[in-house]
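J.: Structure provided below as structure tokens; questions to follow.
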Amino acid sequence: MSALTKAKGFKKSKSGTYMSMAATAFGAIGVAKQIKKARVENDTLRLIDAVVTAAGVVTGLAILYRELKRLGDDDVLLG
């Protein structure tokens, strides 16, 4: 298997899924800051935006977790 083929399959590997989960979770830091700022400023619209964004982060993590479970032992980088 060539290096390019392995690189293309990285996103569908366990390692790639873990990386995606980490990047998605990192987005939660920004959401937490946004929520804190909205509460301090009493900005309801910004707070609603932050909550919707947080829901997207949670949903993204759930989808990636499901994909990780689905991969199981069929890791493309090992095959």
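The values are calculated or read from the model by the stated rules, or taken from the named source; none is laboratory data. Everything numeric in this text was worked out from a predicted model, so none of it was measured. Virtual Cβ from ideal backbone geometry, glycine too; neighbours counted across all protein chains shown. Remember, those area values only see protein heavy atoms, side chains included, never the ligands or the DNA or RNA. Shrake-Rupley method; radii C 1.70, N 1.55, O 1.52, S 1.80 Å.
J.: How large is the accessible surface of residue 58 in square angstrom, using a 1.4 angstrom probe and rounding to the nearest 10?
T.: Estimated to the nearest 10 Å², residue 58 gives 100 Å².
J.: Given a Förster distance of 30 Å, report the FRET efficiency between residue 43 and residue 18 from their Cβ-Cβ distance, rounded to the nearest 0.05.
T.: Working: r = 35 Å, r/R0 = 1.16.
Result of the calculation: an efficiency of 0.30.
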